[in-house]
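To keep things clear, I will list the structure first and then write my remarks on it.
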Amino acid sequence: MTTLTNVICVLFVTHVYETVFLIKERQSDQLTFEQLQRAKAQAELQALKTEIDPHFMFNSLNTLSHLIESDAEQALRFNDKLANVYRYILSSELPTN
């Protein structure tokens, strides 16, 4: 009877230890996964900014140049909207950690 009680106690303690270990391991894996996802999203955002920025700027300045010649009032509105877009692009960058 004592042996059976000892075996049951050892199995219980082992089960609790393994459960705690697996929970900590899962949390560690989730943290690593989230960090990788964040790094991936940041890299994609940076690649997109690098790819789009020069073309967007070139096209926007050409449009603004044309509007200045044809409609100064609309050129001012376009310039304000363009500034807002760039402000948004700069503020949307993910923080680095």
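Suppose the filter is surrounded by 11 or more Cβ atoms within 10 Å (Cβ to Cβ) and either part of a helix (DSSP H, G or I) or among the polar types (S, T, N, Q) (or both); does Leu64 pass it? It is true that Leu64 is surrounded by 11 or more Cβ atoms within 10 Å (Cβ to Cβ) and either part of a helix (DSSP H, G or I) or among the polar types (S, T, N, Q) (or both). Among the residues making up segment 1-60, those that are basic (Lys, Arg) and within 30 Å of Tyr86 (Cβ to Cβ) are Arg38, Lys40, Lys49.
Taking the criterion of being touching a residue at least 40 places away in the same chain (Cβ under 8 Å) and of a type in the set (Lys, Arg), the only residue of segment 41-78 that qualifies is Lys49. The selection criterion, being within 19 Å of the chain's Cα centre (by Cα) and closer than 27 Å to Phe78 by Cβ, holds for Leu45. Of the listed requirements (1) aliphatic (A, V, I, L, M); (2) modelled with pLDDT under 90; (3) in a helix (DSSP H, G or I), Leu94 misses just one: (3).
The values are calculated or read from the model by the stated rules, or taken from the named source; none is laboratory data. The shown structure was predicted, so the numbers you read here are calculated from the model rather than taken from an experiment. Glycine gets a Cβ as well: all are built from the backbone with ideal geometry, and neighbour counts include every protein chain shown.
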